[in-house]
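Have a look at the structure below, then the notes.
The values are calculated or read from the model by the stated rules, or taken from the named source; none is laboratory data. These numbers were taken from a predicted model, which means no experiment stands behind them. Ideal geometry is used to build each Cβ from the backbone, glycine not excepted, and the neighbour counts take in all protein chains shown.
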Amino acid sequence: MQKIDTTRLQGLARAYCQSAVLYAAIDLQLFTHVANGSDTEARLAIALGIPPLQVERLVTAALAMKLLETDGATLRNAPDTARFLVQGESGYAADWLTFTRGDVPNWFRLTEFLKEPLRPSTLGLFETQTVEQARQYHAATYSIGTGAARRFVRSVDLSKRCKMLDLGGGTGAYSITAVQTHPHLRAVVLDLPPVTEVTKEYISKAGVEDRVTVLPGDFTRTPFPDDVDVVLMASNLPLYNEAVIGDIVRKAYRALLPGGEFHLLGEMLDDDRSGPIDAAMWGVNEALSRSEGKCHTISQCVGYLKDAGFTALRHDVFVPGVLHQVTGTKVE
C-alpha cells in the first residue's frame, strides 16, 4: 500500500519559494554570468557581488530546481535556462517570466478576493489601462507572442487567405508574423485604444504599416470588419465568461466571408477539468482582476463554434500544457 504523507502538500505550500529563487536569479543575472564564464561559485561571488555563502545558497537551490547543472567542478545552464534566461540571446524571455511578479501580493490575498461580492466586469483591470501600462505589459509579452505566432503561421495554411482579423492582438505579433510570411496577406488588429497605440509602434518597427492596421475598440462590443476570411482570437480566452465568448464567436461567424476560418487559441481545460494547471491558474487570476472571466474546457470551446454555425470543427494541442487550438470553417 502506498504511504500517504504530506510531501506533495508541503511542496504546494512552499512553491512560492521556488518562484522567489527564480526571480532573484534573474535579478542577479545568474544564468548570464554562468554563460559568460563565471562557472564556479568563487567566480560567481565576484561576478554577482554577493557573499560566497549567499552564492552557495542560490546555486544549491538552482541546482535542485534543475536550472543549473554541474559536473562536480563547474556549473552550466540547463538547456531551457540557456535558451531563455541568458541576456543577449535571441530567446531571452525574462520579461515574460516575470511580468506577473507584481501580482504576487494579491495572490496571497486570494481568500479575500474570493469572499468579495462579485462585481460584474468584462475587462477587469484592463478597463483602466493606460498607454504606458499597455506598453510595459506588451514589452513583456512580445517575445513569447512572436514565438507563438511563428508556430501559428507554420501550422495554419494562410497562403490563400486575403485578410485576417486579430482579436485582442496586443503587439500585433500574430498579424506581423503572418504578413511577413505571406506578403499578399493583410491584417487588422482590434484591441483597446491604449493598446492599439502600442500596436502601431510594433507595426512600424516591423515595417509592415502597409499591410497591418489597427482598429481601436473592445471586441466584445465593437463591430467587426465584414471583409475578412480569417479571424484569430489568441491568448485572451480566460478573460471572459461563456456568454461573452459565445457572442464573440457568433460575431466572428457573421463577419467572415464564406469559406473563412475562425481560430480560437487559448488556455483551455481538459474536459474533466483536471488540468492543465496553467489554464486553471489563469481562471483563478480573473478573481484577482475582478472580471467575469473563467476557465473554459475544450468541449465548451468546440461547442461555442458549433453553436455559432461553424463546421469542419477540429482541435489540437498548440503548446503542450499551455495553449489549445479550436478551429472551424464558415460554409455558406
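List of remarks:
- Answer residue from region 261-284, given it is touching a helix residue (DSSP H, G or I) at 6+ places or on another chain (Cβ under 8 Å) and not in a strand (DSSP E or B) and is nearest to Gly145 (Cα to Cα) among those: Glu267
Yes/no per residue for (1) of a type outside the set (D, E, K, R); (2) in the same structural domain as Ser159 (by TED's automatic domain parsing); (3) surrounded by fewer than 19 Cβ atoms within 10 Å (Cβ to Cβ):
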| position | (1), (2), (3) |
| --- | --- |
| Met233 | yes, yes, no |
| Leu239 | yes, yes, no |
| Pro258 | yes, yes, yes |
| Met281 | yes, yes, yes |
| Asn285 | yes, yes, no |
| Glu292 | no, yes, no |
| Gly303 | yes, yes, yes |
| Asp307 | no, yes, yes |
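- Some residue of region 40-54 being out of contact with any helix residue (DSSP H, G or I) (no Cβ under 9 Å at 6 or more places or on another chain) and among the charged types (D, E, K, R): no
- In region 300-332, residue farthest from Val249 (Cα to Cα) [restricted to those that are among the charged types (D, E, K, R) and not in a helix (DSSP H, G or I)]: Asp316
For (1) buried (at least 17 other Cβ atoms within 10 Å of the Cβ); (2) among the small types (Gly, Ala, Ser); (3) in contact with an Asp or Glu (Cβ under 9 Å, 6 or more places away or on another chain), each residue gets a yes or a no:
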| residue | (1), (2), (3) |
| --- | --- |
| Ala42 | no, yes, no |
| Glu69 | no, no, no |
| Leu85 | yes, no, no |
| Gly88 | no, yes, no |
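- Looking across Gly145, Gly124, one residue alone is in the same structural domain as Leu265 (by TED's automatic domain parsing), on the phi > 0 side of the Ramachandran plot and surrounded by 15 or more Cβ atoms within 10 Å (Cβ to Cβ). It is Gly124.
- Taken over region 91-150, the criterion of being outside any helix (DSSP H, G or I), modelled with pLDDT of 95 or more and of a type in the set (Lys, Arg) is satisfied by Arg109 alone.
- Neighbours by Cβ (under 8 Å, 6+ apart or cross-chain): first from region 85-105, closer than 16 Å to Ala139 by Cα; second of a type in the set (S, T, N, Q) and part of a loop (DSSP other than H, G, I, E, B): Gln87/Gln29; Ala94/Gln87
- Of the candidates Ser299, Ser274, Ser289, the single residue that is modelled with pLDDT under 95 and over 14 Å from the mean Cα position of the chain (by Cα) is Ser289.
- Only one of Ala308, Ala255, Ala280, Ala312 that is in contact with a Pro (Cβ under 7 Å, 6 or more places away or on another chain) and modelled with pLDDT of 95 or more: Ala255
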